[in-house]
Amino acid sequence: MTDYDTNHDLLALVDLISCAVKDVIKEYGSVGQSVPALDSVVTGPFDSQETTNLAITKAVRVIEGACAQLCATVAWPAHAMENKAEAGFTGACLRIAADAKISDYLLDKPAGLHVSELSQKCGIESGRLARTLRLLASQHCYREVTPDVFANNRLSMKLVTKDPVSAYLQLTTNEGLKSVAYLYEAFKDPVYGGSYDIDKAPFSRVFGMPLFTWIENTKNEHGEPMTETFAKCMEGLGDINNRGIVAKVFPWSTLPVDTVICDVAGGSGHVSMLLLRQFPQIKAIIQDQPSVVKVAREYWKAKFPKAIEEDRISFEPINFFTESPVPGCDYYYVRQILHDWPDAECLNILGNIRRVMKPSSRLLIHEYICPPQDWTTEHTTVERAPKPLLPNYGFGSSMVYGQDLRMLLTLNAKERSVQDFADLGKQAGLKLIKAYDTGSTGLVELALA
């Protein structure tokens, strides 16, 4: 590429950033607010799953991709590569801050606390703690008010213990990073390196057992069952990947009265609750393992008892490998289940659902979607990034590729593209109707073939 071409691309990237930022400002302006300041600890108008905004989600994807590509282009290669290599320290520091409950100690302390006081509260030597928080503050997580005095900000509030995102980040930066550290060794291992069995996942090599077995037989550092922690992690992951966006992209409001959604392996039914709150004509059935269904029923009694009183929600146990869900529902919704399993197991799950679908039924698969790698192949309904970005948005899609490697790390599983789901559906007797772009995740609609 000539210097002129590179210069042209740099200016084009700046224009993409400028336009996308204006889109973000416009969306906040539509509700009479400015973009929340980093120093703010108040929840923004689009921070909840009920108010999440698709236009902002897509604009952020462009901004992240364009900013990263701009930096990679103008920086010296050695400088750029060192920044990537040092990224592990960020995760390590996040774990320290989360486990030490720094954000909890800083609640209602707008002027911040000196690191010596934080040290007394959390039991970490003040010099080490200061350097840890300073790295995070330099990346806009926490605010160093004056030297060695730290306060919460918009990002660090996600590390408050009661926030489910904090639970997910703790698992990711603790057991997750420990597994990642030996990923190369697992890839080269003569037993583990060529196997896609779940008990040969890199996580199993490090911890001596498969992930789900570890979850069932382990307690966290506070003595609590890891099953409870993991449930909270999954709620946090839903916040991270914007599960509420599903209410914005699919035409739920047009569905007739008494439309029934079967939330297959739905856990506590967070998405179903979101939909039933917003669309009163919809009913839902939560299906999962008996122990999970028991927890889900109590969750709904506490969070949305009106749905139970109005007979809009019911709960049924299921083993989705050996049983079909409730027959004849209008929609079958599967969120972040198929990415846990290889193709053969996915076909088993899809086949069990297809068996009970009526001609008008639809299957909605809500997963991370691996975006197209070039401008010509992959499914034609999938959005490509605007040039000169990479067609997959580059760093704007880094969460998807990180999650894909996480599935490989923990379960020897994977994330899939729209074409992958179309191919799986075809093998199961289903056809692709439409793919909805929701940012890092996507919604894939299938019907009987």
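Below, the figures for the structure above:
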| read-out | value |
| --- | --- |
| Residue within segment 240-261 that is outside the structural domain of residue 285 (by TED's automatic domain parsing), more than 17 Å from the chain's Cα centre (by Cα) and part of a loop (DSSP other than H, G, I, E, B) present | no |
| Given (1) at pLDDT 95 or above; (2) surrounded by 17 or more Cβ atoms within 10 Å (Cβ to Cβ), index of the condition residue 359 fails | (2) |
| Among (1) touching a helix residue (DSSP H, G or I) at 6+ places or on another chain (Cβ under 9 Å); (2) at pLDDT 95 or above; (3) more than 23 Å from residue 95 (Cα to Cα), the one test that residue 194 misses | (2) |
| Extreme residue, farthest from residue 349 (Cα to Cα), among residues of segment 403-449 that are part of a loop (DSSP other than H, G, I, E, B) and of a type outside the set (Gly, Ala, Ser) | 438 |
| Looking only at segment 308-328, and only at residues there that are of a type in the set (A, V, I, L, M, F, W, C), within 27 Å of the chain's Cα centre (by Cα) and within 19 Å of residue 275 (Cα to Cα), the one that is surrounded by the most Cβ atoms within 10 Å (Cβ to Cβ) | 313 |
| Residue match in segment 221-237 (condition: basic (Lys, Arg), in a strand (DSSP E or B) and touching a helix residue (DSSP H, G or I) at 6+ places or on another chain (Cβ under 8 Å)) | no |
| Residue in segment 104-123 that is farthest from residue 137 (Cα to Cα), counting only those that are among the small types (Gly, Ala, Ser) and either in the same structural domain as residue 229 (by TED's automatic domain parsing) or part of a loop (DSSP other than H, G, I, E, B) (or both) | 123 |
| Matching residues, segment 289-339, being closer than 20 Å to residue 239 by Cβ and in contact with a Phe, Trp or Tyr (Cβ under 9 Å, 6 or more places away or on another chain) | 296, 300, 334, 336, 337, 339 |
| Among (1) surrounded by fewer than 17 Cβ atoms within 10 Å (Cβ to Cβ); (2) modelled with pLDDT of 95 or more; (3) in a helix (DSSP H, G or I), the one test that residue 55 misses | (2) |
| Entirely in segment 156-217, the helices (runs of 4 or more DSSP H) that have 3 or more residues that are on the phi > 0 side of the Ramachandran plot, of a type outside the set (D, E, K, R) and in the same structural domain as residue 48 (by TED's automatic domain parsing) | none |
| Test: residue 368 is of a type outside the set (A, V, I, L, M, F, W, C) and either in contact with a helix residue (DSSP H, G or I) (Cβ under 6 Å, 6 or more places away or on another chain) or buried (at least 19 other Cβ atoms within 10 Å of the Cβ) (or both) | yes |
| Some residue of segment 144-153 being surrounded by 13 or more Cβ atoms within 10 Å (Cβ to Cβ) and closer than 25 Å to residue 178 by Cβ | no |
| Given (1) within 30 Å of residue 8 (Cβ to Cβ); (2) modelled with pLDDT under 95; (3) not aromatic (Phe, Trp, Tyr), index of the condition residue 345 fails | (1) |
| Options 71, 67; residue that is crowded, with 18+ Cβ neighbours inside 10 Å, of a type in the set (A, V, I, L, M, F, W, C) and not assigned by TED's automatic domain parsing to the domain that holds residue 143 | 67 |
| Residue check for residue 93: within 30 Å of residue 167 (Cα to Cα) and either in contact (Cβ under 8 Å) with a residue 60 or more places away in the chain or in a helix (DSSP H, G or I) (or both) | yes |
| Check on residue 130, farther than 19 Å from residue 166 by Cα, free of Cβ contacts under 8 Å to residues at least 60 places away in the same chain, aliphatic (A, V, I, L, M) and touching an Asp or Glu at 6+ places or on another chain (Cβ under 6 Å) | yes |
| Among residues of segment 124-138, those that are surrounded by 14 or more Cβ atoms within 10 Å (Cβ to Cβ) and not in a helix (DSSP H, G or I), counted | 1 |
| Residue in segment 421-433 that is surrounded by fewer than 22 Cβ atoms within 10 Å (Cβ to Cβ) and in contact with a Phe, Trp or Tyr (Cβ under 8 Å, 6 or more places away or on another chain) present | yes |
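The values are calculated or read from the model by the stated rules, or taken from the named source; none is laboratory data. Nothing here was measured: the structure is a model prediction, and the numbers come from that model. As a convention, Cβ positions derive from the backbone with ideal geometry for all residues, glycine included, and neighbour counts pool all protein chains shown.
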